[in-house]
1. Here is a check on your reading of the model: is residue 30 at pLDDT 95 or above, buried (at least 21 other Cβ atoms within 10 Å of the Cβ), closer than 20 Å to residue 111 by Cα and in contact with a helix residue (DSSP H, G or I) (Cβ under 7 Å, 6 or more places away or on another chain)?
2. State which residue is modelled with the lowest pLDDT when the search covers only region 65-83 and only residues that are surrounded by fewer than 21 Cβ atoms within 10 Å (Cβ to Cβ) and touching a helix residue (DSSP H, G or I) at 6+ places or on another chain (Cβ under 7 Å).
3. Would you check which residues across region 91-124 are buried (at least 22 other Cβ atoms within 10 Å of the Cβ) and in a strand (DSSP E or B) and list them?
4. Listed residues 4, 55, 12; which is under 20 Å from residue 119 (Cβ atoms), touching a residue at least 24 places away in the same chain (Cβ under 8 Å) and in contact with a strand residue (DSSP E or B) (Cβ under 7 Å, 6 or more places away or on another chain)?
């Protein structure tokens, strides 16, 4: 999972908890604007996630992952706006299963991802909310996205990104790389994927 220029210690702390909850292998922080010691308070028992977080550049996240999934609240209003054409969360499991390594990319607390950052990703994802107020808090959006990704999607195929990909059994477990998860959690993930 990647947070781009996060500012809010509460958001970062809550995302660290989600990383722990869902067994995500690594958290990238791209040019964070937050005091991680304050964020650790909100991370509670997941403070070690912040100790292990990789502070890096967006370009390095791109190089280290075969698949990047951009998240945005802003959809394309015209068909010609290709980068803002979005996939729904129901397709996320298949998308992640199509890659050997992946990262979900969440933008700034205030302005989200830039068009250039979305263009550098392989897939753009949005969560349908009320048109009256589309933007979700990063922590809330991350919780929804990780939950949906962990549930799987039977019979759906991943999409092709920069490199041709093929889905394989157990791909969710490997794509989010369950870190230090008990064997019962691994078995549960495998069972949910295999029906």
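1. yes
2. Filtering first and then ranking leaves 83.
3. 102, 103, 104, 105, 106, 123, 124
4. Only one candidate passes the filter, namely 4.
The values are calculated or read from the model by the stated rules, or taken from the named source; none is laboratory data. Keep in mind that this is a model prediction, so the values were computed, not measured. So basically every Cβ, Gly included, is an ideal-geometry build from the backbone, and we count neighbours across all protein chains shown.
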